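We did not get these values from a lab; they are worked out from the coordinates using the rules stated. Computed from a predicted structure; not experimentally measured. When we count neighbours, we look across all protein chains shown, and the Cβ atoms used for this are built from the backbone with ideal geometry, even at glycine.
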Amino acid sequence: MTISGFSYIRNGFSYQYPFLEAIQSILPICDEFVVAVGDSTDGTREAIEALGDPRIRIVDTVWDEAMRQNGKIFALQANTALRECTGDWLFHIQADEIIHERDLPTIRQAIVDADPDPRVEGLLFDFLNFYGSYDYLNNTRKQHKKEIRVFRNGLNAYAYRDSQGFRRYQSYETYLSGEKGTKLWVRYVPVPVHHYSYVRPPEAMYKKWAYFSTFYGAKPEEATEPTAAPKQLNYYNIFRVKRFEGTHPAVMREWIANGNYDFDPTKLSYKPSLKEKIIYAIEDRLKHRFGEWKNYKLLK
């Protein structure tokens, strides 16, 4: 049984992605790691090469700047790397996602246990969605709580929507033609993906958000609009956050030491409606999220 890790990245330094750490976080249990590297201008490709690990294989790509709807460019980049993988199992890690080193043995054992059971098509992980700083988590319904990150090769499984998750298709050709796809049957593994998408200085976060939102239909000029002062993302336009009480992966120590930003949860300014207050109060009491997005079918 072999495991292929795969990811994609473009201008990772410019947009402050911990892409090298993402690769390194799962590399210990991978037999190979395939990364689709877009046409970067900031040394991203060179940095991946400098890791010097023979298991890492780079696939050079050119992003289609005309593809600016629903994040499809990200799914196609993920699929480019995926289709080059040769392992029996595929482990997708995005450039702002990190796996804690303590959880690698658990994940590997889960793959070993699933391998002889044809019912298990993938593995489902929890997500810790950091927000504002490395000390807080997004505690709203706005981000996914669980998603597939490991699945069998040979299923015709490809990135769904913008590569957040994966589904099974009749073929890659039918996928490209718009087939809806079938949700994978998965087994839940109680380990978290540390997701650092919203941990950057406010100016850097705005720059990243403004540019990448153009791939979801925003006008490209909105990302480069001249301004007298740097624009900042308003981190406080959120209902609630939660203090993170755990430990971070070791590969993130330098990032945290050099960039744990000044985020004050007492300044949250979003005013929830009465309906939102009631929903959250019920969900907190029952410890259940109603209407949760589930791009998977959970095996009992």
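When you scan the stretch 137-147, do you find a residue that is under 15 Å from Tyr198 (Cα atoms), buried (at least 20 other Cβ atoms within 10 Å of the Cβ) and of a type outside the set (S, T, N, Q), even just one?
The answer is yes, given that some residue of the stretch 137-147 is under 15 Å from Tyr198 (Cα atoms), buried (at least 20 other Cβ atoms within 10 Å of the Cβ) and of a type outside the set (S, T, N, Q).
Residues in the stretch 63-75 that are farther than 8 Å from Ala159 by Cβ, among the aliphatic types (A, V, I, L, M) and part of a helix (DSSP H, G or I): how many?
1
I'd like the full set of residues that are closer than 16 Å to Pro18 by Cα and surrounded by fewer than 15 Cβ atoms within 10 Å (Cβ to Cβ), limited to the stretch 52-104.
Answer for the stretch 52-104, where residues must be closer than 16 Å to Pro18 by Cα and surrounded by fewer than 15 Cβ atoms within 10 Å (Cβ to Cβ): just Glu101.
Within the stretch 181-300, which helices (runs of 4 or more DSSP H) (wholly inside it) include 3 or more residues that are among the basic types (Lys, Arg)?
274-286
Determine which single condition Ser163 fails, assuming it passes every other condition in (1) under 20 Å from Thr86 (Cα atoms); (2) of a type outside the set (A, V, I, L, M, F, W, C); (3) out of contact with any helix residue (DSSP H, G or I) (no Cβ under 7 Å at 6 or more places or on another chain); (4) surrounded by 18 or more Cβ atoms within 10 Å (Cβ to Cβ).
Looking at each condition in turn, Ser163 falls short on (3).
Among (1) of a type outside the set (Phe, Trp, Tyr); (2) touching a residue at least 12 places away in the same chain (Cβ under 8 Å); (3) farther than 26 Å from His248 by Cα, which single condition is Glu179 missing?
Looking at each condition in turn, Glu179 falls short on (2).
Gln109 passes all but one of (1) free of Cβ contacts under 8 Å to residues at least 60 places away in the same chain; (2) outside any loop (DSSP other than H, G, I, E, B); (3) crowded, with 16+ Cβ neighbours inside 10 Å; (4) not hydroxyl-bearing (Ser, Thr, Tyr); which number fails?
So the condition that Gln109 fails would be (3).
Residue-by-condition table, conditions (1) without any contact (Cβ under 8 Å) to a residue 12 or more places away in the chain; (2) surrounded by fewer than 21 Cβ atoms within 10 Å (Cβ to Cβ); (3) farther than 24 Å from Gln24 by Cα:
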site: Arg168; (1), (2), (3): no, yes, yes
site: Thr174; (1), (2), (3): yes, yes, yes
site: Tyr188; (1), (2), (3): no, yes, no
site: Val191; (1), (2), (3): no, yes, no
site: His195; (1), (2), (3): no, no, no
site: Tyr198; (1), (2), (3): no, no, no
site: Glu203; (1), (2), (3): no, yes, yes
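Out of (1) over 22 Å from the mean Cα position of the chain (by Cα); (2) farther than 17 Å from Asn138 by Cβ; (3) among the aromatic types (Phe, Trp, Tyr), the odd one out for Tyr296 is which?
The one condition Tyr296 does not meet is (1).
What strands (runs of 3 or more DSSP E), lying completely within the stretch 124-176, carry at least 1 residues that are of a type in the set (D, E, K, R), over 23 Å from Ala204 (Cα atoms) and over 15 Å from the mean Cα position of the chain (by Cα)?
146-152, 165-168
Out of curiosity, is Phe33 under 16 Å from the mean Cα position of the chain (by Cα) and not in a helix (DSSP H, G or I)?
no
Return yes or no: is Thr61 free of Cβ contacts under 8 Å to residues at least 60 places away in the same chain and of a type in the set (Val, Ile, Thr)?
Taking the combined requirement at face value, the residue satisfies it.
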